[in-house]
Amino acid sequence: MGYSNLPGENNSDDSHEPLILPRNIHSEPMAAPSLETADDNDHGHLKKKKKAKTNKFAFICAIMVSMAVALLGYDLGVMSGAIIYIKDEFRISDVQVEILVGSINIYSLFGSIAAGRTSDWIGRRYTVVIAAAFFFAGAFLMGISTNYTFLMIGRCFAGIGVGFALTIAPIFISELAPPSYRGFLTTFPEVFGNIGILLGYVSNYGFSKLPANQGWRFMLGIGAVPSVILAVGALIMPESPRWLVMQGRLAEARRVLDKISDTKEESRRRLDDIKKAAGIPRDRNDYDVVAAPKRGEGVWKDLLIHPTRRVRHILLCALGVHFFQQAIGFDSVVFYSPRIFEQAGVTSTDDKLLATIGVGVMKTVFILVAMFLLDKVGRRPLLLTSYVGVIVSLATLATSLTVINQDPTRKVPWAVNLSVSMVLSGVAFFSIGVGPIPMVYSGEIFPLRLRAQGIGLGMVVNRVMSGVISMTFLSLCKAITIGGAFFLFAGVSVVGFVFTFLFYPETQGKTLEEVDGLFGSFVYWRSADFKGGKEEEVVDA
């Protein structure tokens, strides 16, 4: 087996022997060779225009897919205010509130489990349509609910849509995005999720002016409108080139890659890499459809029962990043922010809703910061920095809430102000790393054959933990006080920081096919990536 003269191109044969690569091949981001040589300088201006066009195309596709997660964000944000009025109208207990709020995460498990297999079967974009259909049904049913049971049925439909959306969005965008700005585009779901949360908070405040029995129904039901836009948009988007290659539809895949790559040369190189990962010979370029290897068979066996050392490391990182994102308790801040502000001494309903809007603004602003830093700073530094800020914010919030609750009848202005400030600070630090990176990271690290089911498994862990936190937060606060709950979350954040420091390699600038070679050493400082590329790495052909 020889090496190509082009950076990042693989000229291996089609055998299943491992290819031994010098580790420093992975030490720098893959860059497309410059096409503006002495022989084609006359065409430079046209090529620059082409690059702008393709970047815009990938950008628009990422926005459309991310609308699915925006619907989830809206649901999470709007429920925090709607529940105030739902509780009064239906006269439900705190336990029923916890079940209503948190059950969406339990229902989403069914969507997450089904989404991976479904997206391999019917394609990525039609799976987005399915997510939109469930969202539409859920929002419509919740908007016309006449009792608690009816509301839970709508919540079930919305939850299944959540599971589909959270699984398919990172798959679709990571498979469309060029490596040079994949981190930027794969933060879009988190960005739109935060925008959705903010719109939910604004909706709470706006519709709160209506009669109480109508306001919350408008808050929930209006979510049906953007789901229709999402479904239509998904139908006009291109299919994932990697899914097309998995089906043997090389001509279609090549056309999509030409649109979403920076240059034609990069498009050809990406197609070669994808064909190699799919087990299709590189020379099969002249056919519209080729016989691709059967997909989906034995995936769960290779993922869970008999995984290789590398797959075990990938699985550990994917499940870990999702577990800690939810286990540190920030879903409780989204779901119960009015209650948290009430515990902190903010008593007016309008003031609580306005403070909650401040949380949404903070989340949105700092996720935009993360979007522009991911491809410059890298995933690992942002994640570690985020954990440090979250730990300090949660510990300080817990201290101030403890002071306030020692004597609820006495106003402690400095503690009230500190509590509100620490909620906003914690949200900001969460949003630059722990919030967006799990979706980015899990979308990058799985091999092509295992990607859909692997991401689905990560989302199952994410939703289970979110459900546990949201369905037990009020009971936990009663058991150990609200200050004690946030001390607990701060302790979990410390464990998350250590876990990240030990096990997570940097994936910045690598193609999806290169990222696979970063795993297998488990402890980061033992890896060749940490040592500057002095070791060799076995890459399975």
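The values are calculated or read from the model by the stated rules, or taken from the named source; none is laboratory data. Everything quoted here is computed from the prediction, not taken from an experiment. Backbone-built Cβ (ideal geometry, glycine too); neighbour counts: all protein chains shown. These accessible areas exclude ligands, DNA and RNA; they are computed on the full protein's heavy atoms, side chains included. Shrake-Rupley method; radii C 1.70, N 1.55, O 1.52, S 1.80 Å.
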### Task
Quote the relative contact order of segment 124-188 in percent (integer), defining contacts as alpha-carbon pairs under 8 Å separated by 6+ residues.
35 percent
### Task
Provide the convex hull volume over Cα atoms per residue for segment 300-372, in Å³.
119 Å³
### Query
For the cross-link pairs Lys209/Lys363; Lys363/Lys510; Lys301/Lys376; Lys259/Lys376; Lys264/Lys510; Lys301/Lys510, which exceed 30 Å when the distance is taken from alpha carbon to alpha carbon?
Lys301/Lys376
### Karplus-derived 3J(HN,Hα), 6.51/-1.76/1.60, for each residue of segment 67-79, Hz, glycine and proline x
4, 4, 6, 4, 5, 4, x, 4, 4, 5, x, 5, 5
### Message
As a test of reading the structure, rank Ile328, Ile160 by solvent-accessible area (1.4 Å probe, protein chains only), most first.
### Response
Ile160, Ile328
### Cβ-derived FRET efficiency at R0 41 Å, Arg312 paired with Ser93, nearest 0.05
0.40
### Query
Hey, rough spin-label estimate for Trp121 and Ile144, points 7 angstrom out along Cα→Cβ, what's it come to in nanometres?
2.9 nm
### Summary
Computed on Cα atoms, the radius of gyration and Dmax of segment 379-450 in angstrom are 17.1, 60
#### Entry: Size of segment 170-274 as Cα extents on the principal axes (Å, biggest first)
60, 24, 18
## Note on the structure
Distance in nm between Phe59 and Val392 label points, each 7 Å along Cα→Cβ, equals 3.4 nm
